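Working notes, beginning with the structure itself.
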Amino acid sequence: MYTFQQKKSISKSIADPAKVEVYRQMLAAKRLPASGTISRNRSALAISLVYILLDHYTMEEIMAAGAGSTIPVVQSPISGPKAAAEPQKPAKISKFEQYPNIPWKQLDNPLVRMADSIFTDRINCYSELRRLEAETQGEFTDFSTLAEIVRLAARLEMCFNELRSFNNTGKFLGKHPFIESKDERSRIIDLLRKDPEAFFQERKNVELNISRYSSQINSSKLDADKKEKAKSNLEKYQAILQMFKDVFAGLIKGQSNGNTDV
């Protein structure tokens, strides 16, 4: 709908700190995690929310909603008021009390280990959000910081949703990056076991993609929007390459110990 530069310019020009709750409602209507973004700097928060909204609404729709008109999309209930409010701040109680149905002490269970990792990630995300919040108390100028605040807020909400689901149903939603990475790692392990040649060919392709996106980031011919996409792809392939390295290292270590499992 809008380019990176257009969203950057429009969000700064029309964002109104007094309309933050209206922006939250519009994001929630689309079921976007960014609706839970928090910051004491209302100006920076308004800009960040409008920036995200521009991927889903026109500038005119946002301005009309802010002026008191009906929000373009009717909000669908998710799981009640508590579900929308909880991700904004971790409760000051232990994980045993927050999620009593998770057998936290059974660390031999891979699902419990995953829950423990996600809980730690939740704490880290919240701490980083507080740090960035402190940095943006003055006039907001760094747009990359704004994007990081939105990303962390979305990840924080994912942590809450995964832990709540595992506590209530014994199953993860499968949207947190840790869980997605686990599934990808299983695929890579299976590939190495069944077709080593395909494993090394795919790893080579991943390395070529890393080289390609690195060049795009450093290119003076690409605009900021394309460089941002290249950076996102670079980070994805760097994470995949690390999994290839870890899986192969696990195989070598296992063989040296007389174990063929990765």
**OP:** Write out, first by first residue and then by second, each pair whose Cβ atoms fall under 8 Å of each other, whose residues are 6+ apart or on separate chains, and whose first residue, in segment 107-118, is free of Cβ contacts under 8 Å to residues at least 24 places away in the same chain while the second is open to solvent by 40 Å² or more (accessible area, probe 1.4 Å) and not in a helix (DSSP H, G or I).
**Re:** 109/103; 112/103; 112/106; 113/107; 116/107
Original post:
Quick check: is even one residue across segment 32-44 over 25 Å from residue 224 (Cβ atoms) and either loosely packed, with under 13 Cβ neighbours inside 10 Å or at pLDDT 60 or above (or both)?
Top reply: yes
**OP:** Considering only segment 170-216, state which residues are open to solvent by 70 Å² or more (accessible area, probe 1.4 Å), within 15 Å of residue 236 (Cβ to Cβ) and of a type in the set (Asp, Glu).
**Re:** 180, 183, 207
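With part of a helix (DSSP H, G or I), surrounded by fewer than 18 Cβ atoms within 10 Å (Cβ to Cβ), among the small types (Gly, Ala, Ser) and modelled with pLDDT under 85 as the only criterion, which of 165, 144, 127 stands out?
Values: 165 fails: modelled with pLDDT under 85; 127 fails: modelled with pLDDT under 85.
Step by step, each of 165, 144, 127 is checked, and only 144 is part of a helix (DSSP H, G or I), surrounded by fewer than 18 Cβ atoms within 10 Å (Cβ to Cβ), among the small types (Gly, Ala, Ser) and modelled with pLDDT under 85.
The values are calculated or read from the model by the stated rules, or taken from the named source; none is laboratory data. Keep in mind it's a predicted model, so treat the numbers as computed, not measured. We place every Cβ from the backbone using ideal geometry, glycine too, and count neighbours over all the protein chains shown. These accessible areas exclude ligands, DNA and RNA; they are computed on the full protein's heavy atoms, side chains included. Shrake-Rupley method; radii C 1.70, N 1.55, O 1.52, S 1.80 Å.
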